[in-house]
Amino acid sequence: MKFFLIASAMLVSVLTTAAQAQSRQDFTLINRTGYNIGEVYVSPGHENDWEEDVLGKDTLDDGDKQEITFKRVGKTCLWDLKVVYTDDDSSAVWHDIDLCKVSKITIRYNRKSDKTSATFD
């Protein structure tokens, strides 16, 4: 009986850890660029395929935020992010974001330097 309780407790622990790992890469994307974003892509670090636009038909307007959730279990914590602006189809890319540690990404655009930057919290 003692073995059964220990084994049951271990199984619950493993299942809980697996469930947490599945959603560990979820994050909030905040647009503070001054422009609308029409497409957002997230892929495992340095993959050649951006896969599908996680916004779908939606846009991420300036000042808005979007919860990005993962339906698949990722074996990696390092992910790449690409955003595409609606006004001219220009894009910005960030590599190797540790989504196991980051829960919020804020994107900003500096008109003087013509650079898009991101902060990771």
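With a threshold of 24 Å on the Cα-Cα distance, the over-threshold entries among K57/K104; K75/K101; K75/K104; K75/K115 are K75/K115.
Over all directions, the projected convex hull of the C-alpha atoms in the range 25-120 averages 5.9 nm² in area. Counted by neighbouring Cβ atoms within 10 Å, the residues C77, C100 run from fewest to most as C100, C77. Computed from point charges on the beta carbon alone (+1 for Lys and Arg, -1 for Asp and Glu), the dipole magnitude for the range 25-120 about its Cα centre is near 500 Debye. Test of understanding: extend the Cα→C-beta vector of R32 to 7 Å, then name every residue of the range 65-96 with backbone N under 17 Å from that spot. Answer for the range 65-96: 65-67.
Annotation: extensible slack from K112 through T69 equals 12.2 nm (criterion: 0.36 nm per residue apart, minus Cα-Cα distance).
Which value in Å is the Kirkwood Rh of the range 66-121 over different Cα pairs?
About 12.8 Å, per the Kirkwood formula over Cα pairs.
Each residue of the range 38-54 was assigned a 3J(HN,Hα) from its phi angle through the Karplus curve 6.51 cos²θ - 1.76 cosθ + 1.60 (θ = phi - 60°); the sequence is x, 9, 9, 10, 10, 9, x, x, 6, 7, 8, 10, 7, 6, 9, 5, 6 Hz, with glycine and proline shown as x.
Bear in mind that the values in this text are calculations on the coordinates, not laboratory data. The structure presented is a predicted model; accordingly, all values stated were derived computationally and were not measured. Every residue, glycine as well, gets a Cβ built from its backbone with ideal geometry; the counts of neighbours run over all protein chains shown.
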